[in-house]
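The values are calculated or read from the model by the stated rules, or taken from the named source; none is laboratory data. Fair warning: this is a prediction, and the values are worked out from it, not measured in the lab. With ideal geometry, Cβ positions are generated from the backbone for all residues, glycine too; neighbour counts draw on all protein chains shown. Calculation scope for accessible area: heavy atoms of the full protein, side chains included, ligands and nucleic acids excluded. Shrake-Rupley method; radii C 1.70, N 1.55, O 1.52, S 1.80 Å.
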Amino acid sequence: RIHDRVPVYASAGEAVWPPERTVEKVKRYANAGYRAAKVGTMAATYPYYQYDPGSSKATFASPPVSRYAEMDAEKFAALRSALGDEFDLAVDGHQGAHPRPTTAREAIRIANAIEPYGILFYEEPLSYEDLPGWVELRRRTNVPIAGGESLTGVAEFEQFISAGALDIVQPDVSHVGGITAAKRILELAEAHRLKSAIHTGGTPGPGFAASLHLAVAQHSTVILERIHATAGTQARLIKDSLELVEGTIAAPTAPGLGLDLTAEFLAAHPFRTGMGVRS
């Protein structure tokens, strides 16, 4: 164990909302005890979620790509103003599986627009097929560039690390090849003096528990992702307390991964065909 406690951030996924709605959302995370949150860029999803005044009903708008950077700047200016300088803000480009991924030129515009607002990192700014674009983006901005949730195995990470494409590595233990592969990647990152922020977006149970174990055992750990919506389920499944204290979670102490996977829990959370598939 390297760390007694690990900072965590509330992950808001790829959802893109107007500035006032985003501020409301992140304030709820702050009130729940988080000291950091991640929200999407305008390029993260399509179309844009718009809300009618006085109504919670969502409609959809399609702003021009030329306004993405400007709108992201407006959003992060509002967030920084509302939450102050002691709250960390990260941004999710969510381009790893985007059907029409953004270009390096547009990602550079977005990074430059949000740079004044003290961004913790810019995650998945580009398609993983555009390695030269990642390298150019990192060269053209002071915002730390993070990625890796969609990469598998040590070799794919080695390509990005060797090319100088990343400031922060983000292996997902449930996707990259398990605990052993993730640990090798984190050690490779440390050897290159890079930081780590393990991705846990789709792994609220055993994957999150494993990620927490890895995070407390690495010098490179900056922060750990947590989907706040899964907190209740985690409390029933993970034996160790996941109580937030100043935005951090304590290192686990229960044997193994510290899971209490009972028949009753499994019965209450059955797998159903089609779960997670978007219409």
> Which of the following residues is open to solvent by 20 Å² or more (accessible area, probe 1.4 Å), of a type in the set (A, V, I, L, M) and more than 18 Å from residue 11 (Cβ to Cβ): 107, 82, 165, 97?
Replying inline: 82
> Which condition number does residue 23 fail, the rest of (1) in contact with a Leu (Cβ under 7 Å, 6 or more places away or on another chain); (2) in a strand (DSSP E or B); (3) at pLDDT below 95 being met?
Replying inline: (2)
> Which residue pairs have Cβ atoms under 8 Å apart, sit 6 or more places apart or on different chains, and have a first residue in segment 1-24 that is of a type in the set (Lys, Arg) and a second that is assigned to a loop (DSSP other than H, G, I, E, B) and at pLDDT 95 or above?
Replying inline: 1/217; 1/251; 5/251
> For segment 153-177, which residues satisfy the criterion of being outside any helix (DSSP H, G or I) and modelled with pLDDT of 95 or more?
Replying inline: 164, 165, 166, 167, 168, 169, 170, 171, 172
>> Tell me the residue from 261, 214 that is in contact with a helix residue (DSSP H, G or I) (Cβ under 8 Å, 6 or more places away or on another chain), modelled with pLDDT under 95 and not in a strand (DSSP E or B), please.
In response: 261
> Out of all the residues in segment 120-151, which are open to solvent by 20 Å² or more (accessible area, probe 1.4 Å) and within 17 Å of residue 196 (Cβ to Cβ)?
Replying inline: 120, 138, 144, 149, 150
